[in-house]
1. Among all residue pairs at least 6 apart or on different chains, which show Cβ distances below 6 Å where the first residue, located in segment 110-122, is within 15 Å of VAL12 (Cα to Cα) and the second is among the aromatic types (Phe, Trp, Tyr) and surrounded by 12 or more Cβ atoms within 10 Å (Cβ to Cβ)?
2. Considering only segment 17-52, state which residues are assigned to a loop (DSSP other than H, G, I, E, B) and surrounded by 15 or more Cβ atoms within 10 Å (Cβ to Cβ).
3. How many residues does segment 158-209 hold that are part of a loop (DSSP other than H, G, I, E, B) and under 21 Å from ASP134 (Cβ atoms)?
4. Just wondering, is there one or more residues in segment 80-99 that are within 15 Å of the chain's Cα centre (by Cα), assigned to a loop (DSSP other than H, G, I, E, B) and surrounded by fewer than 21 Cβ atoms within 10 Å (Cβ to Cβ)?
5. Within segment 1-16, which residues are part of a strand (DSSP E or B) and either surrounded by 13 or more Cβ atoms within 10 Å (Cβ to Cβ) or among the aliphatic types (A, V, I, L, M) (or both)?
6. Every residue in segment 74-85 that is more than 30 Å from LEU149 (Cα to Cα) and either at pLDDT below 95 or among the hydrophobic types (A, V, I, L, M, F, W, C) (or both), please.
7. With the condition kept exactly as written, say whether any residue in segment 132-140 is part of a loop (DSSP other than H, G, I, E, B), of a type in the set (A, V, I, L, M, F, W, C) and touching a residue at least 24 places away in the same chain (Cβ under 8 Å).
Amino acid sequence: MSIDYRLFKPDVPTWDKAPADVACGLAWVYANATSLGGDPERIVLLGDSAGGNLAVNLAYSAALGTAVSKCGPVPVPKAVVVQYPAVDPVATYERGFPVPGFEPQMLMMGYIGGTPEQFPERIKAISSATYISDKAPATLVIEPEKDGLVVSDGVYNFVDAARAGGIDIEMARIPFANHVYNQIASNSIGNQARLTITVHYLQSRGLAP
């Protein structure tokens with residue numbers, strides 16, 4: 001299943017809307033999985049970049065019982081697999097490399113409606129560290145070592161904090177790779193490694209298709 005969510009528009013931030021959208025999507029999948037030939041008890045969330053942030057936050061908040069959806073009960077997924085996830089919005093805002101038309105500060109301000117200094121409560125709401133608990137599902141993070149947009153050390157620090165918080169979390173580093181390496185170079189060795197690592201991780205937990 002591919003879950004869509006609202007993107008921000010000028011003067012219409014979606015820091016609270018996008019999480020609600022993916023929570024609704026997860027609730028819908030849980031309710032309809034059986035009729036579609038799936039197993040509602042073997043749901044895994046995957047996401048990249050901003051989607052990785054949403055996947056982690058949704059899974060971890062569901063484990064805490066704080067995920068809210070108007071679409072029905074929000075289940076706790078069995079695992080989460082993310083790559084270059086924007087788990088540390090402040091690090092990305094402050095140090096992400098400004099790709100023309102895709103500048104981290106522009107993206108963050110559009111998403112929360114202003115700067116982190118203006119809206120600290122919104123930054124806390126979208127920061128993945130907020131939802132760390134030992135109830136969170138097993139997690140795999142795949143991170144390119146040269147990520148200049150979602151800065152790699154911010155991801156590394158989150159993984160360390162999650163592990164210290166009791167989460168069964170693993171990290172695979174893709175050397176020489178940058179943000180969206182799997183899209184820019186889909187036939188690369190790095191992307192082949194990413195696919196193999198993901199499949200092996202799911203198979204080892206009995207969660208592969």
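The values are calculated or read from the model by the stated rules, or taken from the named source; none is laboratory data. Keep in mind the model is a prediction, meaning the values are calculated, not measured. Cβ placement follows ideal geometry from the backbone for every residue including glycine, while neighbour counts extend to all protein chains displayed.
1. Sorted first by the residue in segment 110-122, then by its partner, the pairs are GLY110/PHE8; TYR111/PHE8; TYR111/TRP15; ILE112/TRP15; ILE112/PHE119; ARG122/TRP15.
2. ALA33, GLY38, ARG42, ILE43, SER49, listed by residue number.
3. 6
4. Scanning segment 80-99 turns up no residue that is within 15 Å of the chain's Cα centre (by Cα), assigned to a loop (DSSP other than H, G, I, E, B) and surrounded by fewer than 21 Cβ atoms within 10 Å (Cβ to Cβ).
5. Listed by number, the list holds a single entry, VAL12.
6. Correct list: VAL74 only.
7. yes
A quick yes/no check of all residues on (1) of a type in the set (Val, Ile, Thr); (2) modelled with pLDDT of 95 or more:
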| position | (1), (2) |
| --- | --- |
| GLY101 | no, no |
| ALA125 | no, yes |
| SER133 | no, yes |
| ALA136 | no, yes |
| LEU140 | no, yes |
| VAL155 | yes, yes |
